[in-house]
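Notes follow once the structure below has been shown.
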Amino acid sequence: MSDVNQESFGQRFGDLLVRRGKLDAGGLQRALRAQTLGEEGLHTLLPKLGMVSESDVAEMLAEILELDLATRDDYPMEPLHNERLSVNFLRSSRIIPLSDTDNVLTVAMADPLDEYAINALRLHAGKPVSAKVGIPADIDAALERLLSVSTSDDDSIDSLDAGLDDDLIDDVERLRDLASEAPVVRIVNRLISSAVDQRASDIHIEPFEQSLRIRYRVDGMLKDGESVPRSLHAAMISRLKIMAGLNIAERRLPQDGRIRLAIRGRDIDLRVATMPIMHGEAVVLRILDRGSVKLDFDALGFSANALTAYRSGLTRPNGIVLVTGPTGSGKTTTLYTSLLELNTIDRKVLTVEDPIEYQLDGINQVQIKPQIDLTFAHVLRAMLRHDPDVIMVGEVRDLETAEIAIQAALTGHLVLSTLHTNNAAATLMRLIDMGVETFLLTSTLNVVVAQRLVRRLCPSCREAYVPLPKVVEQLGVDAVSGTRFWHAKGCERCGNTGYHGRVSLNEVLVMNDAVRETLLSRSDAGALHRVACESGMVPMIRDGIAKTLAGITTVEEVLRVTREFA
């Protein structure tokens with residue numbers, strides 16, 4: 001395709017994206033200016049810039065070129081032409097043969113405008129080539145499944161193995177060089193891309209004496225990832241440290257860093273945490289996909305009653321709102337959703353976090369740095385001089401932070417924060433154990449939310465069943481004719497797990513007169529829980545059973561995270 005045709009096609013393609021709401025006009029103009037600096041087409045440039053997702057690009061290409069869009073069902077179970085086509089050619093061109101008849105070779109292509117690749121395939125097959133538009137992520141996954149690692153990759157990895165003698169592991173410059181080698185860069189990029197494709201929230205890299213284990217956490221559960229040679233561990237860790245701006249020479253102490261990437265046309269943040277263990281450094285990468293997080297209470301799983309109770313404390317002009325639960329229970333997401341609801345033109349919102357997980361427009365966010373004594377308490381004191389209306393504290397970790405938060409609430413500010421406790425009632429006892437005076441709690445606390453995350457049933461393959469009457473009775477369900485629970489079955493959409501995504505289970509304790517009186521009488525957490533339930537709080541396990549009956553999750557999932565309350 002000539003430059004003039006490429007430019008003309010790029011303009012038409014960009015205009016279609018704008019009309020469909022996939023790209024704004026300003027973004028299109030910026031991308032067109034960037035296109036003039038190189039030889040790439042707009043359809044390949046936009047995903048690299050993180051402006052449009054690969055799937056949207058593929059759909060628009062198929063429409064404007066009047067081609068079929070390849071689905072995952074189109075990809076063959078066995079490789080075609082594997083013995084004659086170069087693996088490097090297929091990977092670099094992102095092409096995979098779908099079918100081969102006497103008259104035509106049908107292929108899926110990420111870039112159907114690549115005339116060089118089409119001509120090469122035509123010469124190779126000796127017949128016409130019919131192209132379908134493939135989503136790059138689907139093509140990459142199919143290639144990984146169908147094709148073995150190329151000989152050139154094997155040779156490169158073997159040479160790296162030879163270069164990683166034990167005597168050289170402490171050679172920082174050698175590690176830096178190895179971390180920049182193509183095989184290591186490719187393996188690290190593939191690990192991250194594969195995790196994003198599988199909707200993983202974390203990547204765990206764990207070295208053992210004879211093996212290197214890669215695991216992904218998907219929907220809250222760990223699963224094995226691809227196999228990587230143990231000898232590449234040091235080079236992979238060095239590569240990740242370089243990307244995160246960490247010290248590759250320091251392997252005795254834990255380190256934390258951050259990586260920002262554009263993958264499949266989406267902006268991805270990675271929080272990198274290293275930890276020295278017996279056989280080397282373990283690394284966990286927390287994947288923060290800003291495009292996949294829906295900061296909406298309905299999407300999070302709040303029931304109508306729970307949301308009404310929560311908003312009763314959230315919409316007050318002052319006081320404290322606490323979201324509690326263990327690590328990974330979605331506390332920060334709930335707080336960010338709350339902040340977006342409170343972020344209006346007539347309010348000034350300040351946050352102090354460790355770390356800042358998502359950047360929110362219109363909100364002043366501060367990252368604490370303990371190494372320079374920039375702690376939660378110090379930032380909170382400074383914040384009160386900046387005339388805020390709403391303050392969010394990432395976590396109440398000690399009495400000093402709790403006391404400043406209470407002081408802020410007493411002086412007319414709304415304070416949001418988190419705490420690590422098992423349920424809503426236990427939160428009050430935890431604050432008292434910290435040293436907070438009971439009368440201050442009753443004066444400042446508005447509402448406490450305790451939550452857990454459970455896996456959401458895949459809507460494409462879930463199956464209903466009628467539970468045994470004894471099970472219904474034990475769960476306290478009002479038995480009626482046709483009471484149904486749901487099984488997780490498994491299909492291609494959910495990776496044969498039966499689950500796709502997560503939803504929260506909540507209990508919302510509103511600080512009313514009955515709860516205040518019980519707290520002032522020095523009652524325990526059990527008494528507080530009973531009084532809160534009598535005042536209208538729906539316990540977390542009851543919220544879970546309601547979601548089970550609605551077909552949102554399974555009873556096994558609910559009991560897995562709420563068994564301590566059953």
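When Rg and Dmax are taken over the Cα atoms of the range 440-525, they come to 19.7, 56 Å. Per-residue ellipticity at 222 nm, computed for the chain from helices alone with -39500 (n - 2.57) per DSSP H run of at least four residues, works out to -12000 deg cm²/dmol. Remark on Ala108: its backbone amide H falls under 5 Å from those of Ile96, Leu98, Lys132, a criterion applied only to residues 5 or more positions apart or on other chains, H modelled at 1.01 Å from N.
Between the helical axis of 136-146 and the longest alpha-carbon principal axis of the chain there is an angle of about 70 degrees. Once both labels are positioned 7 Å from their Cα atoms along Cα-to-Cβ, the gap between Gln367 and Leu37 label points is 2.4 nm. Available extension along the chain between Phe208 and Glu556 is 122.0 nm, counting 0.36 nm per residue and deducting the alpha carbon span. Each listed q (0.09, 0.11 Å⁻¹) maps to a log10 I(q)/I(0) for the chain, found by the Debye formula over equal Cα scatterers with no solvent: -0.86, -1.19. Here the range 431-566 is treated with +1 on each Lys and Arg Cβ and -1 on each Asp and Glu Cβ, and its dipole about the Cα centre works out to around 660 debye. Nonpolar atom fraction for the chain, defined as the carbon and sulfur part of the 1.4 Å probe accessible area, stands at 49 percent. Relative to the longest principal axis of the Cα atoms of the chain, the long axis of helix 151-163 lies at roughly 60 degrees.
So for the chain, taking the charge dipole from beta-carbon charges (+1 Lys/Arg, -1 Asp/Glu), which of Ala273, Ala195, Leu384 sits furthest toward the positive end? In the chain, that residue is Leu384.
Backbone amide hydrogens, once placed in the peptide plane, bring Glu395 within less than 5 Å of Thr418, excluding anything fewer than 5 places away on its chain.
Per residue, the chain exposes 48 Å² of solvent-accessible protein surface, assessed with a 1.4 angstrom probe and all protein chains in place. Spherically averaged projected area of the convex hull of Cα atoms, the range 423-566: 9.8 nm². Computed from backbone phi with θ = phi - 60° and the Karplus coefficients 6.51, -1.76 and 1.60, the 3J(HN,Hα) list for the range 506-518 is 10, 9, 10, 9, 8, 6, 10, 4, 5, 5, 4, 4, 5 Hz; x is used for glycine and proline. Taking the Cα centre of the chain as origin and assigning +1 to Lys and Arg Cβ atoms and -1 to Asp and Glu Cβ atoms, the resulting dipole is close to 1540 debye. For the chain, with the dipole built from +1 on Lys and Arg beta-carbon atoms and -1 on Asp and Glu ones, taken about the Cα centre, which of Asn496, Ala179, Tyr75 lies farthest toward the positive end? It is Asn496, whose Cα lies furthest towards the positive end. Of all DSSP-defined beta bridges confined to the chain, some 65% are antiparallel rather than parallel.
For the chain, the number of Lys pairs with C-alpha atoms closer than 21 Å, counting only pairs eight or more positions apart or on separate chains, is 9. In terms of Cα atoms, the Rg and Dmax of the range 270-339 work out to 16.8, 53 Å. Using θ = phi - 60° in the Karplus curve 6.51 cos²θ - 1.76 cosθ + 1.60, the 3J(HN,Hα) couplings for the range 522-530 round to 6, 6, 8, 5, x, 5, 5, 5, 5 Hz; x is entered for Gly and Pro. Taking the longest Cα principal axis of the chain as reference, the axis of helix 399-410 is set at about 70 degrees. Couplings for the range 349-362, taken from phi via the Karplus curve 6.51 cos²θ - 1.76 cosθ + 1.60 with θ = phi - 60°, read 10, 10, 10, 10, 9, 8, x, 6, 7, 9, 8, 10, 5, x Hz in order; Gly and Pro are left as x. With a Förster radius of 51 Å applied to the beta-carbon distance between Ser443 and Met278, the computed FRET efficiency rounds to 0.50.
For His487, the residues whose amide H sits under 5 Å from its own are Glu463, Ala464, Tyr465, ignoring neighbours fewer than 5 places away on the same chain, with H placed 1.01 Å from N. With Cα atoms as the point set, the range 13-97 shows a radius of gyration and Dmax of 15.5, 47 Å.
The values are calculated or read from the model by the stated rules, or taken from the named source; none is laboratory data. The shown structure was predicted, so the numbers you read here are calculated from the model rather than taken from an experiment. Here Cβ is always computed from backbone atoms with ideal geometry, including for glycine, and neighbour counts include all displayed protein chains. Surface areas here come from the heavy atoms of the whole protein model, side chains and all, with no ligands, DNA or RNA. Shrake-Rupley method; radii C 1.70, N 1.55, O 1.52, S 1.80 Å.
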